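What follows is a set of notes on a single structure, which appears directly below.
The values are calculated or read from the model by the stated rules, or taken from the named source; none is laboratory data. Just so you know, these numbers come straight off a predicted model, no measurement behind them. Here the Cβ positions follow ideal geometry from the backbone for every residue, glycine too, while neighbour counts run over all protein chains shown.
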């Protein structure tokens, strides 16, 4: 599979920064532990009684072996990062065992949120709090084999990638059957989320994590499920402005955590700025990327594709379905990618 795809702008940026975090030369790290939602889920929902699944075609149509539970035609963002770090593809928690655990585990779950109630419309999912508990379970398994001292030293050198928050808006605050929109204005809801987010990240730190990559939220007002609600097909400024306080709060939170948690290193990845640059300057990345292709909505206009969906133009399309991006193989502008990534990654 081609290495330079739509999301590589962010991936190369990660790689550049992680090199400085983990040392010079080979830029290897012992392992990567991943927490998040459907953007980086690689199969944890497959065996759950959940509507949030992607273990069927046409998901995985460009992935060796076919569908795995990834909400993508091929690799996800964290798959690319793992390759760039010289790691194997990180296994899903639901499948990981034995020696696989030593390279890291992916705990991400489609429909999951910072708040436990988020995503309840999809029935089962694994909220962030439970993902952290699953990480504790992994630590217990590794410690039983290697010993506490060795594990503590190794965990401190690992990368902890966290991308949470989108479902707290899409499948909570913006859903009419959830009470949160009547209880909080936009700023209050962002404050609520980030207060809990800070506590959750601190818990991971207390379990031994020291090197964090925190992904902000993207331009959620520009995803097809939101575009479809606008007859003109334009991005929703209202939704983008609703999410902006969350990203601002996360940046402040990271500065506070890096000050208050000794030995911690945080990287904030400005996904919104990255995608805005890709949308605005798509030709400079070697492709004409289309905003909100009608096909990306699938047959139902929902957040997932149906089994009868046809093969999509993954080389030019920005979105795989109503929410998730493609793993486009047509984006190859390495110089432009590095310049964009450098602007959108912030270290503390």
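Below, the figures for the structure above:
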| quantity | calculated |
| --- | --- |
| Residue satisfying condition, being surrounded by fewer than 21 Cβ atoms within 10 Å (Cβ to Cβ) and touching a residue at least 24 places away in the same chain (Cβ under 8 Å), within set 183, 200 | 200 |
| Residue that is nearest to residue 76 (Cα to Cα), among those in the range 203-224 that are touching a strand residue (DSSP E or B) at 6+ places or on another chain (Cβ under 9 Å) and assigned to a helix (DSSP H, G or I) | 224 |
| Residues within the range 234-246 that are within 18 Å of residue 171 (Cβ to Cβ) and free of Cβ contacts under 8 Å to residues at least 60 places away in the same chain, tallied | 3 |
| Test: residue 241 is closer than 30 Å to residue 150 by Cβ, in contact with a helix residue (DSSP H, G or I) (Cβ under 8 Å, 6 or more places away or on another chain) and in a helix (DSSP H, G or I) | no |
| Single match in 187, 200 (criterion: in a helix (DSSP H, G or I), more than 19 Å from residue 37 (Cβ to Cβ) and in contact with a helix residue (DSSP H, G or I) (Cβ under 6 Å, 6 or more places away or on another chain)) | 187 |
| Residue check for residue 82: under 18 Å from the mean Cα position of the chain (by Cα), touching a residue at least 60 places away in the same chain (Cβ under 8 Å), within 22 Å of residue 201 (Cα to Cα) and outside any strand (DSSP E or B) | no |
| Scope the range 91-137; condition over 16 Å from residue 55 (Cα atoms), in contact with a strand residue (DSSP E or B) (Cβ under 8 Å, 6 or more places away or on another chain) and part of a helix (DSSP H, G or I); matching residues | 103, 128, 131, 132, 135 |
| Single residue of 46, 42, 73 found to be crowded, with 23+ Cβ neighbours inside 10 Å, at pLDDT 95 or above and under 26 Å from residue 123 (Cα atoms) | 42 |
| Restricting the range 83-93 to residues that are at pLDDT 90 or above and either in contact with a helix residue (DSSP H, G or I) (Cβ under 9 Å, 6 or more places away or on another chain) or farther than 22 Å from residue 161 by Cα (or both), the residue that is surrounded by the fewest Cβ atoms within 10 Å (Cβ to Cβ) | 88 |
| Check on residue 275, under 20 Å from residue 163 (Cα atoms) and part of a helix (DSSP H, G or I) | yes |
